[in-house]
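Scroll down for the structure; my scribbles are underneath it.
No lab work stands behind these numbers, since they all come straight from the coordinates. Since this is a predicted model, take the numbers as computed values, not measurements. FYI the Cβ positions are ideal-geometry reconstructions off the backbone, even for glycines, and counts take in every protein chain you see.
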Amino acid sequence: MERQDRDLAFMLRYENVAWYEDGKVKILDRRVYPTTVRYEVCNNHQEVAQAITDMVTQSAGPYTAAGMGMALAAYEARDMKEEDQVEYLKKAADTIATARPTTTKRMRIIVEGCLEAAERAMKEGKRVDEAIFSHTVDHTDNRYRRIGRVAVNLVDLFPDKGTIMTQCFGETIVGLMLREAKERNKDIKVICPETRPYFQGARLTASVAQDQGFHTTVITDNMPAYVMEKKKVDLFTSAADAICLDGHIVNKIGTYQIAIVAKHLGIPYFVTGIPDKGHETIDTVTIEERDPEFVLQAMGVRTAMEGVHGYYPSFDATPPHLVSGVVTDRGIFSAYDLHRYFKDGEKAELVL
């Protein structure tokens with residue numbers, strides 16, 4: 001098969017997201033990329049779950065890591081009786097799926113698919129770890145292919161020559177929308193807010209855009225309003241950690257305020273992804289709050305006086321009236337009409 005990660009940036013190639021091999025999982029450590037290329041090597045599925053919790057990988061990275069972690073769990077249980085293997089894998093699935101609370105519902109889709117692959121392998125007498133690994137690679141490739149369709153629909157909205165602003169790191173949609181724009185010879189400049197405290201926009205989104213040959217500018221998190229007006233931004237786009245069926249968009253903290261500014265300036269905000277059947281309303285989403293110490297430092301260097309308090313919600317929720325449209329593989333939907341996406345019984349899938 002032709003892999004769907006062709007011509008994408010280094011960090012978007014499957015082996016450089018998360019990879020199972022020889023009874024271990026290696027995960028590109030995005031906490032230090034691009035200044036350092038380092039892989040976290042996990043020897044058991046608990047270490048994979050901890051790596052997800054610790055933000056070794058984020059955006060869609062945890063979904064690939066989850067599948068690879070399930071393959072590793074199968075390797076750990078390889079000498080158990082079949083019924084014990086099944087029980088072990090179910091427990092591993094729960095451990096991995098709950099590594100980060102805001103995305104638990106999406107993670108469960110991933111691990112449940114791995115459990116189904118494991119059951120098929122057992123019935124057919126095949127190695128369970130290899131079956132889960134193959135399932136994960138196939139699922140990742142299918143996800144990239146599907147995101148490619150999202151990218152086509154999103155790039156239809158790009159000007160032939162203009163400037164777009166992103167927020168945080170939208171993983172594969174960033175790489176695929178830029179690949180699509182390049183194939184159409186669109187002259188696009190990319191502006192990336194840094195997205196503290198992990199600086200995913202500065203380190204990850206900007207690295208992908210630069211790798212793929214686009215004029216890329218990083219700004220600090222308090223600059224979007226001025227920059228949108230001064231640099232005449234044509235379009236604001238982000239992925240989402242949850243797209244609720246009531247039209248609320250859950251994404252990296254800061255998305256909400258940029259969406260407010262975009263609305264005020266008449267700049268469209270297009271979200272990419274697939275609506276989440278598991279989130280009928282915003283009330284079903286748990287906004288993860290992480291260690292407040294992270295906001296008191298920058299890349300390990302403390303910036304605040306001892307005794308000062310920090311507060312670190314990882315995500316915010318943008319209401320539907322600020323969303324120009326939700327761009328999916330099946331077209332562009334109003335944030336007020338997301339149930340229509342499932343009119344043909346379409347399954348919820350991960351598109352990030």
Pull up the DSSP beta bridges for the chain and report the antiparallel fraction as a percent, rounded to 5. 55 percent
The long-range amide H neighbours of GLN297, using H built 1.01 Å from N in the peptide plane and a cut-off of under 5 Å, are THR303
Just one of (i) 94, 61, 44; (ii) 65, 55, 40; (iii) 98, 41, 38 is Cα extents along the principal axes in Å calculated from these coordinates, so which is it? (ii)
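Can you tell me the order of 297-310, 148-161, 266-279 when each peptide is scored by its average per-residue count of other Cβ atoms within 10 angstrom, highest first?
Values: 297-310: 10.2, 148-161: 17.7, 266-279: 20.7.
Output ranking for 297-310, 148-161, 266-279: 266-279, 148-161, 297-310.
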Give me the distance between the Cα centres of segment 86-152 and segment 39-61, rounded to whole Å. 15 Å
Using a Debye calculation, one point per C-alpha and no hydration shell, please list log10 I(q)/I(0) for segment 38-116 at q = 0.17 Å⁻¹ in order. -0.57
Could you tell me which GluC sites (Glu not before Pro) in segment 1-78 are loop residues by DSSP with no more than 11 other beta carbons within 10 angstrom of their beta carbon? GLU2
By the mean-Cβ-within-10 Å protection proxy, highest first, 96-107, 211-222 rank as 96-107, 211-222
